[in-house]
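J.: Quick one: the structure is below, questions incoming.
The values are calculated or read from the model by the stated rules, or taken from the named source; none is laboratory data. Computed from a predicted model, the values in this text were never measured in an experiment. Cβ: placed from backbone, ideal geometry, glycine included. Neighbour counts: every protein chain shown. Just so you know, the surface numbers come from the protein's heavy atoms only, side chains and all, with ligands and any DNA or RNA stripped out. Shrake-Rupley method; radii C 1.70, N 1.55, O 1.52, S 1.80 Å.
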Amino acid sequence: MTQAERRARTRGAILASATRGLSRYGYGNLVLEQVAREAGYTRGALYHQFKDKQDLTLAVIQWIGETWMEEVGPLIERERHPVAALLTLARGHAVYCRRNGARVATALRLEFSGQDHPVAHEIERAYENLVTRCESLIGAAREAGAIPPGPPVRTLALAFVGALDGTAIALSGQEPHDELLTVRAVAGVLGIDPCSYSPTERTTDHTEAPS
């Protein structure tokens, strides 16, 4: 293993450990020494990668976004129909969140709500990216007549993401019900029958996020 590969492996393990820690304790109570220990490294190894807790948390947010896109993005892109893409997004998101990605994002949004802080800005940017993606698909589905008239597209997208994250978090650890019921929850928001659409990919890869 090259030095770059060892560094990447260390970074990935620390990010995964920090994700779990942020999910359990939040930003304010996160202890970096514990993050390093649970990753299997020393505190010095952590500080060699990240200068402080803020730097680590910003990296976690970016890592979640990147790994989500690597795992869920290709599944969405395979779908030709926007409703099938939305349901596939929900299915893939539920599977991804088995590693607490959704819980971290939601916890940080609540903890930093209304604050002028780099973590607050970054988590809101990531949240807005997801809402915008859903808004685009919902708009296309409505134009195609696939979802009924109702609230503005932006409002519907916000409700969709709320149902998406809320259900995935509430059913954490309850496989495979988390996947099935997350799809049903977002279908209810959209006002559609999920059984009317057959996504190309019914299941997603359950392997760990790349490190």
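J.: Just check the range 1-115 against the gyration tensor rule for me: Cα atoms, a ≥ b ≥ c as the square roots of the eigenvalues, rounded for a/c under 1.5, and otherwise prolate or oblate depending on whether a/b exceeds b/c.
T.: Oblate is the answer for the range 1-115, as a/c is 1.5 or above yet b/c matches or exceeds a/b.
J.: Starting from the range 72-108, pick out the trypsin sites (Lys or Arg not before Pro) whose DSSP state is loop and whose Cβ has at most 16 other Cβ atoms within 10 Å.
T.: Arg80
J.: Classify the range 110-184 from the C-alpha gyration tensor, please: rounded if a/c falls under 1.5, else prolate or oblate depending on whether a/b exceeds b/c.
T.: Cα axes put the range 110-184 in the oblate bin.
J.: Follow-up question, since we're still on this one. Report the FRET efficiency, 1/(1 + (r/R0)^6), for His121 and Gln34, where r is their Cβ-Cβ distance and R0 is 25 Å, rounded to 0.05.
T.: 0.45
J.: Going by the alpha-carbon gyration tensor, a ≥ b ≥ c the square roots of its eigenvalues, is the range 69-161 rounded (a/c under 1.5) or, if a/c is not under 1.5, prolate (a/b greater than b/c) versus oblate?
T.: The shape class here is oblate.
J.: What residues from the range 123-141 fall in the zone where the backbone N is under 12 Å from a label point 7 Å along the Cα-to-C-beta line of Leu58?
T.: Hits in the range 123-141 for Leu58 at 12 Å: 123.
J.: Once every DSSP H run of n ≥ 4 in the chain is given -39500 (n - 2.57) and the sum is divided by its residues, what mean residue ellipticity at 222 nm do you get, rounded to the nearest 500 deg cm²/dmol?
T.: Here the helix-only value at 222 nm equals -22500 deg cm²/dmol.
J.: Which is farthest toward the positive dipole end of the chain among Ser136, Val60, His48, measuring Cα position about the Cα centre, with Cβ charges +1 (Lys, Arg) and -1 (Asp, Glu)?
T.: Result: His48.
J.: Take the Cβ-Cβ distance between Leu110 and Thr42 as r, set R0 to 30 Å, and report the resulting FRET efficiency rounded to the nearest 0.05.
T.: 0.40
J.: Can you work out the accessible area per residue across the range 61-111, with the rest of the protein chains kept in place, probe 1.4 Å, in square angstrom?
T.: Roughly 38 Å² per residue, with all protein chains present.
J.: More than 28 angstrom separation, counting every C-alpha pair in the chain; what % is that?
T.: Roughly 31 percent, once rounded to a whole number.
J.: On the accessible surface of the chain, probed at 1.4 Å, how many percent belong to carbon and sulfur atoms?
T.: Reported share for carbon and sulfur atoms: 51 percent.
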